[in-house]
Structures are given as structure tokens and as C-alpha cells.
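Colleague: Have a look at the structure that comes next, please.
The values are calculated or read from the model by the stated rules, or taken from the named source; none is laboratory data. Fair warning: this is a prediction, and the values are worked out from it, not measured in the lab. So basically every Cβ, Gly included, is an ideal-geometry build from the backbone, and we count neighbours across all protein chains shown.
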């Protein structure tokens, strides 16, 4: 696997509340670990939320005694959720903070994915497939047929998420298992990318078959050229 990850503050924000983690080596019982988080909260609370949640997950995975992959990940997400709630209650400046998270690990030819919020994971080969489902107001509108996907990208309520880490006790992730083939691309990103660059543009960039690092930079550059209205996080892996 070749992989590269990067965040960018974008064109409109002064702080970067996105956080990425990438290890192609084993983390605890997991053979690799890929995470993207998009924090929310006033002042620097979102910045604290995303980094704290990711590093709590990494620490939990590293020390977990669980054997099942899904159990390892859910245990880690529960730890991160509880830690953020505790932190937000300990200091007024962190009140109301939270974060999205999309997480993946690849075991042989299978990928296990967990997500909370509206950060996404795509599988890209001849086509582009969104694996995760956003926990957001507009996604619920799309699912009942009241809004189409393109309108959802620019809807005034597109930033309202319905599930996040650090908001309520007992938050659970949605899990997905995906079969992988040689040459597949795995793209994980915050909504700072997908609100600025549509799926077809993403697919075209990844079909250029450039170096993984170069394509990450290109995706961020295009997001900024299209407005860069939010922080941008991109993690790209190529299955080999």
C-alpha cells in the first residue's frame, strides 16, 4: 500500500480543525490505521477535539485486548467519545466541541471502515463509490427524496451533522466491510474537499494515475481554487 495524508486551512478559515493520522505499519492488533477527523467548536475547541479524539483512538487501539476488529474500533471510538465529553465539561472554552471521524484498516484484501459524522471514505477504481453514509441533515433529506445529491453540496444546512464524537454518551459508529482489488484507491476526506470538488472531478484526478502524494496536493489545490471555504483533509491510499 502506498499512502499519503495532508490537511490545509483553506481560503476562508484562520485555524485548521481537521486532523489526519496514517500508519501503514501495525497499530496494536490492527495491521495499519487510517483516520480523518473534522473538529467543531468555537475558538480552538474544534482543533482540540479532532486531535484529541484521533490520538485517544490510537492509544486505545494500541493497548486493546479485544480480538475482533470491529470490537477494537468501537472500543476506541467509545474511549474517544467519553474523553471528549469529559474534556468539554472540564473547561468552559471547550463546551459544545465535537468531531467527525472516518477510520479504516486493511486486512489482506478486506477493508474495515467506521464513520461518525460527514467525513467520507470513497473507493475509486473504474468508478467512484462513496462507502460511508453522512450523518447529516441534508443526507437525511436526500435519503427520503426531498433533495438531490448535487443540491445537498450547496444547501444552507449542509453543515448540520446528526452524529459526532464528544456530544452524547453511547455514540456508535456505522461499520462497513469492503473487498479490495489491486490498483484500487481509498480516499478519506473531510467535507472541506467534497463541498468544493464533486465526485466526477475527484475520479478524474485519481484516474490520472499520478503519484499518491501528487494527487493529494492536486485535490487540495482544486478545492482551494473552487473556493476553499473550509479546512481540507485528504488521505489517499493505493492498494498494491
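Colleague: Is it the case that residue 108 is loosely packed, with under 13 Cβ neighbours inside 10 Å, out of contact with any helix residue (DSSP H, G or I) (no Cβ under 7 Å at 6 or more places or on another chain), closer than 26 Å to residue 61 by Cα and modelled with pLDDT of 95 or more?
Modeller: Considered against the rule, which asks whether it is loosely packed, with under 13 Cβ neighbours inside 10 Å, out of contact with any helix residue (DSSP H, G or I) (no Cβ under 7 Å at 6 or more places or on another chain), closer than 26 Å to residue 61 by Cα and modelled with pLDDT of 95 or more, residue 108 comes out as no.
Colleague: Go through (1) assigned to a helix (DSSP H, G or I); (2) at pLDDT 95 or above; (3) touching a helix residue (DSSP H, G or I) at 6+ places or on another chain (Cβ under 6 Å) one by one and return the number of the condition residue 50 breaks.
Modeller: Condition (3) is where residue 50 drops out.
Colleague: Quick check on my filter: what residues within region 195-205 are touching a strand residue (DSSP E or B) at 6+ places or on another chain (Cβ under 8 Å), surrounded by fewer than 22 Cβ atoms within 10 Å (Cβ to Cβ) and under 14 Å from residue 236 (Cβ atoms)?
Modeller: Residue satisfying the conditions is 203 alone.
Colleague: Does at least one position in region 53-60 carry a residue that is modelled with pLDDT under 95 and crowded, with 16+ Cβ neighbours inside 10 Å?
Modeller: No, that holds for no residue.
Colleague: Return yes when residue 16 is in a loop (DSSP other than H, G, I, E, B) and modelled with pLDDT of 95 or more and no when it is not.
Modeller: Yes; evaluated as a whole, the condition is true for this residue.
Colleague: Can you confirm whether residue 164 is touching a strand residue (DSSP E or B) at 6+ places or on another chain (Cβ under 7 Å), modelled with pLDDT of 90 or more and over 30 Å from residue 89 (Cα atoms)?
Modeller: Judged against the criteria, residue 164 is not a match.
Colleague: So in region 66-119, with the set limited to residues that are out of contact with any strand residue (DSSP E or B) (no Cβ under 7 Å at 6 or more places or on another chain) and in a strand (DSSP E or B), which one is farthest from residue 16 (Cα to Cα)?
Modeller: Going through the qualifying residues, I end up with 107.
Colleague: Still on this structure: Which pairs do you get when a residue that is at positive phi, found in region 39-50, comes within reach of a residue that is in a loop (DSSP other than H, G, I, E, B) and surrounded by fewer than 22 Cβ atoms within 10 Å (Cβ to Cβ), reach meaning Cβ atoms under 9 angstrom, with the pair 6+ apart or on two chains?
Modeller: Filtered contacts from region 39-50: 41/95; 41/96; 43/15.
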